[in-house]
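The values are calculated or read from the model by the stated rules, or taken from the named source; none is laboratory data. Predicted model only: the values in this text are computed from it and were never measured. In this analysis, Cβ positions are derived from the backbone assuming ideal geometry, glycine residues included, and neighbour counts consider all displayed protein chains. Heads up: the accessible areas ignore ligands, DNA and RNA and are worked out on the full protein's heavy atoms, side chains in. Shrake-Rupley method; radii C 1.70, N 1.55, O 1.52, S 1.80 Å.
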Amino acid sequence: MDQTVPGPLWQPTTLRRIPVVVHVISDAACVNGNVTDALVHSQLTVLNEDFRAVAGSPGGAGVDSKIEFFLATVDPSGNPTTGIRRYCNTTWYQDQGSYWLTIAWDTTRYLNLYTNSAAGSRGYVPFLPADPAGAVGQPQDRVVINWQAFGRVGPVVPYHKGRTVTHEVGHYLGLFHTYYSGCGTATAPACYTTGDRICDTPPNATSHKGCTASTSCGGVPVPIQNYMELTDDACMTGFSAEQVQRMRCTLASFRSTLAQ
Ligand SMILES: [Zn+2]
């Protein structure tokens, strides 16, 4: 899916709800990384504010994807669950040891979100957004978030407003960074096959930090407000309409058994 094909089929009309299991992995002493239930709940709130562009929330300026997330209430065996699992394992905390082979829930039915040290990154998904088919259904299909960039209010400024999860779930649903493969072509149809494969995000040459307005690709404003940049949580306000369509296409085409 190295191009975007927007169309009426992918307009955000029907509500799609994705069950989430959060695997909280802390060190062997159960100290570092021991995210509270309250912080997990705050993160789900942020995710829904951002994906639904809830009026009055920090993501209110974005486009409503009609995609929602909820902590799973039934586990893979059919038993009631809080949707939060906890482990104290230093190897797994260091993002090593292929923990997903032991603890993943059916990745075709649940978004498996892990918090640990994320090997020092803010977060990642272990596959190219262009090729979700390569990981879908495999135990390693997952979103990994550094616990220090998790929840609202999270532990470390400026990544304390829960936007790292919004960004990584954007990848999980097929979105590239806005600066992926450079400026690309600004106009349709070539903008669907170059750059970030999205036409309604401005051309963008490279990633940006902070919240300072600047320009790129010949004077075009950098989309510092887009969730698929790397700017501070505080300046991110939304997905674009075509990013929403690409995510809904990914959900229907590659993750068809995930949403309810
Ligand atoms: Zn990213």
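Here is a check on your reading of the model: is D95 assigned to a loop (DSSP other than H, G, I, E, B), within 15 Å of the ligand (Cβ to nearest atom) and either modelled with pLDDT of 95 or more or open to solvent by 40 Å² or more (accessible area, probe 1.4 Å) (or both)? Give the steps one after another, and end with the answer.
Values: assigned to a loop (DSSP other than H, G, I, E, B): yes; within 15 Å of the ligand (Cβ to nearest atom): no; either modelled with pLDDT of 95 or more or open to solvent by 40 Å² or more (accessible area, probe 1.4 Å) (or both): yes.
Against the criterion (assigned to a loop (DSSP other than H, G, I, E, B), within 15 Å of the ligand (Cβ to nearest atom) and either modelled with pLDDT of 95 or more or open to solvent by 40 Å² or more (accessible area, probe 1.4 Å) (or both)), D95 does not qualify.
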*For the range 223-231, does any single residue satisfy the condition of being out of contact with any Pro (no Cβ under 9 Å at 6 or more places or on another chain), open to solvent by 30 Å² or more (accessible area, probe 1.4 Å) and either under 21 Å from P126 (Cα atoms) or not β-branched (V, I, T) (or both)?*
yes
*asked:* Every residue in the range 122-133 that is open to solvent by less than 50 Å² (accessible area, probe 1.4 Å), under 14 Å from the mean Cα position of the chain (by Cα) and touching a residue at least 24 places away in the same chain (Cβ under 8 Å), please.
replied: G123, V125, P129, P132
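Quickly run through the range 173-198 and pick out the residues that are small (G, A, S), surrounded by fewer than 19 Cβ atoms within 10 Å (Cβ to Cβ), assigned to a loop (DSSP other than H, G, I, E, B) and away from the ligand (no atom under 14 Å from the Cβ).
Let us first name the residues in the range 173-198 that are small (G, A, S), namely 174, 181-182, 184, 186, 188, 190, 195.
Next, only the ones that are surrounded by fewer than 19 Cβ atoms within 10 Å (Cβ to Cβ) stay: 181-182, 186, 188, 190.
Within this subset, residues satisfying the condition of being assigned to a loop (DSSP other than H, G, I, E, B) are 181-182, 186, 188.
Those that are small (G, A, S), surrounded by fewer than 19 Cβ atoms within 10 Å (Cβ to Cβ), assigned to a loop (DSSP other than H, G, I, E, B) and away from the ligand (no atom under 14 Å from the Cβ): G182, A186, A188.
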*asked:* It is to be established whether one or more residues within the range 1-16 are within 26 Å of F127 (Cβ to Cβ), part of a helix (DSSP H, G or I), touching a helix residue (DSSP H, G or I) at 6+ places or on another chain (Cβ under 6 Å) and open to solvent by less than 60 Å² (accessible area, probe 1.4 Å).
replied: yes
*The one condition in (1) assigned to a helix (DSSP H, G or I); (2) in contact with a strand residue (DSSP E or B) (Cβ under 8 Å, 6 or more places away or on another chain) that E242 fails to fulfil*: (2)
*asked:* Taking the criterion of being within 15 Å of the chain's Cα centre (by Cα), outside any strand (DSSP E or B), within 16 Å of the ligand (Cβ to nearest atom) and modelled with pLDDT of 95 or more, would at least one residue in the range 42-50 satisfy it?
replied: yes
_Residue in the range 134-172 that is farthest from the ligand (Cβ to nearest atom), counting only those that are within 16 Å of V20 (Cα to Cα), hydrophobic (A, V, I, L, M, F, W, C) and open to solvent by less than 10 Å² (accessible area, probe 1.4 Å)_ = F150
*What is the one condition in (1) in a loop (DSSP other than H, G, I, E, B); (2) more than 16 Å from the ligand (Cβ to nearest atom) that F69 does not satisfy?*
(1)
